[in-house]
1. Along Cα→Cβ, 7 Å out, is where each label goes; now give me the distance between the ones at S4 and W52 in nm to one decimal.
2. Enumerate the calculated ³J(HN,Hα) couplings along the stretch 57-63 in order (Karplus 6.51 cos²θ - 1.76 cosθ + 1.60, θ = phi - 60°), each rounded to whole Hz, writing x wherever the residue is Gly or Pro.
3. Residues of the stretch 18-34 with the amide nitrogen closer than 16 Å to a label point 7 Å from the Cα of E66, along Cα-to-Cβ, please.
4. What order do you get for R49, R7 when you list them from fewest to most C-beta neighbours inside 10 Å?
5. Note down the relative contact order for the stretch 1-111 as a percent, whole number, built from C-alpha pairs under 8 angstrom at least six residues apart.
6. Rank by packing, highest mean first: peptides 84-90, 99-105, with packing defined as the count of other Cβ atoms within 10 Å averaged across residues.
7. Could you rank the peptides 55-66, 31-42 by their average count of other C-beta atoms within 10 Å per residue, with the highest value first?
8. Give me the one-decimal Kirkwood hydrodynamic radius in Å for the chain, with the sum taken over alpha-carbon pairs.
Amino acid sequence: MSRSVNRVTLLGNVGRDPDIQQTRNGTKVAHFSLATNRRAPAGSDEEERTDWHRLTLWNRQAQFAEDYIRTGDRIYVEGRLEYDSYERDGVTIPTAEIHVNRVVLLSSKGSAEDESAEDAA
């Protein structure tokens, strides 16, 4: 089988506090949004555009998110892009989210020190 790569690297600002949940078997999972900004193409009326990304963190990283990450914090993440879908009112809704395997807290309102968490897998 040939090798392939599914890697996403983002640097942006947290859009909302992490939503922390647990699976039926007790695994902690955190979901939150990350905003990244980009310049619009030359000749466009827009000067800057914000893209929103849905992040998912598991286990120790979910605990790290619960303890340290808050709305407005600047973070760096690495992970993989996963697509899925769900059905609502008979309509299939596609989803895309980043499953994070490394997160670095670059700024926080409560601390000037950098913090990070990395998935062991």
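Where a number appears in this text, it was derived from the coordinates with a stated rule and is not lab data. Just so we're clear, the structure is a prediction, and the values are computed from it rather than from any experiment. As a convention, Cβ positions derive from the backbone with ideal geometry for all residues, glycine included, and neighbour counts pool all protein chains shown.
1. Between S4 and W52, the simple spin-label model gives 2.9 nm.
2. Per-residue couplings from phi come out as 10, 10, 6, 4, 5, 4, 5 Hz.
3. 18-32
4. In order of increasing Cβ crowding within 10 Å: R7, R49.
5. Reported relative contact order: 28 percent.
6. 99-105, 84-90
7. 55-66, 31-42
8. Radius from the Kirkwood sum: 15.8 Å.
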